[in-house]
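Step one of this worksheet: look at the structure below.
Only the coordinates and a few stated rules stand behind these numbers; no lab work does. Keep in mind it's a predicted model, so treat the numbers as computed, not measured. Don't worry about glycine lacking a Cβ; one is built from the backbone with ideal geometry, like all the others, and counts go over all protein chains shown.
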Amino acid sequence: VPRTEFQEFSRAVEEIYADLLPDRSGEVAQYIPTLKNAPPDRFGIAVCTADGQTFQIGDAGAGFSIQSTSKPFSYAMALEQFGAGEVHTWVGQEQSGGTFNDPTLSLDAAGKPQNPMINAGAIATLALVEPDVEVSERFARVEQTWARLMGRPPGFDHRTFLAERDTGHGNRGLANLMAARDMLRMDPKDRDAPQKAAEFYFAVCSMQVDAAGLAAAGATLANGGVAPYSGERVFSQETAGRVLSVMGHSGMYNDSGKFSDQVGLPAKSGVSGNVMMVLPDKRMAVVTFSPRLDEAGNSVRGVEVCRQLVEKFGLHPYKSL
Ligand code: GLN
């Protein structure tokens, strides 16, 4: 991105930030104390380009648990290791039509999770990340990948992990359902394997990041898999493309279709209030952190930042033809 164009873009982000700062609509996630008690009015935006230009405003450096925004990258790691053919025998690539944790709409008729962006699909794809090594080693590989994406290692939110684990009955249920249909890659002789798969997912959701770090990870996707700070290839171009495709149709929970109409760009949100949007044409990513959520579980300000940027710069791929 040319320097002057980036400066213009950054100024627009600054204006949108100021415009949305007074907006206190929406409610923080209520299901665990760390999210329920999070300062609700935090607001930060971070932009990162493929060539490493950055812009940050507000709470762009404030930490939060990554939650569902880990999912596209867990899918990428599974793709890198097993290839798309094998991965998609375990996880589908269709919209689920349900919420991220819906027990009835998450799996297709064969018991396969509909896509990697819902909880069932994320548990299934994580079961394909270094499945044959010991679990702490598997988690280390995930952390190392994140360190390469962001240019620094992620943190870990222990309180969130403990609470996710204590309240994660639905996710354990989904893992059990998949195992019952032979749709979870696991040691068939280990009866606790589904529980362990769910626990690995809770750990990955509990990694601590900030908007600036996530923007670098998003810029890696915008850059065909090459990390902006190090110039290191983290994912193949094919993997980056597949990840953006699924974000494009299923990244924003059950408002994904509406988001596609209004914004039209690949994005992923997490219940901690983060929204990572990738601008493939501009080779950049914009990440908002603002914990108050709408009905679908997406950050209210986060969605609005995406809408306003797309509107201002005519970025909707189908509405600027
Ligand atoms: N960790 C939570 C769950 O698994 C929420 C993930 C998310 O961001 N939707 O239910």
Next on the checklist: So, in segment 266-315, how many residues would count as being assigned to a loop (DSSP other than H, G, I, E, B), away from the ligand (no atom under 16 Å from the Cβ) and in contact (Cβ under 8 Å) with a residue 12 or more places away in the chain?
Outcome noted: 6
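Residues checked against (1) more than 11 Å from the ligand (Cβ to nearest atom); (2) surrounded by fewer than 16 Cβ atoms within 10 Å (Cβ to Cβ); (3) among the aliphatic types (A, V, I, L, M); (4) not in a loop (DSSP other than H, G, I, E, B):
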| residue | (1), (2), (3), (4) |
| --- | --- |
| Ala163 | no, no, yes, yes |
| Asp166 | yes, yes, no, yes |
| Arg172 | no, no, no, yes |
| Lys189 | yes, yes, no, no |
| Gly218 | yes, no, no, yes |
| Pro228 | yes, no, no, no |
| Gly231 | yes, yes, no, no |
| Lys258 | yes, yes, no, yes |
Item to check | Counted residues, segment 111-128 - those being out of contact with any Phe, Trp or Tyr (no Cβ under 7 Å at 6 or more places or on another chain), crowded, with 24+ Cβ neighbours inside 10 Å and not in a helix (DSSP H, G or I) | outcome: 4
Checklist entry - Among all residue pairs at least 6 apart or on different chains, which show Cβ distances below 8 Å where the first residue, located in segment 169-183, is within 16 Å of Gln114 (Cα to Cα) and the second is assigned to a loop (DSSP other than H, G, I, E, B) and small (Gly, Ala, Ser)? => result Leu174/Ser106; Leu177/Gly111; Met178/Gly111; Arg181/Ala110; Arg181/Gly111; Asp182/Gly111; Met183/Ala110; Met183/Gly111
Next on the checklist: For segment 33-56: of the residues being outside any loop (DSSP other than H, G, I, E, B) and in contact with a Gly (Cβ under 9 Å, 6 or more places away or on another chain), which is nearest to Arg307 (Cα to Cα)?
Outcome noted: Ile45
Item to check | Odd one out for Gln67 among (1) away from the ligand (no atom under 16 Å from the Cβ); (2) crowded, with 18+ Cβ neighbours inside 10 Å | outcome: (1)
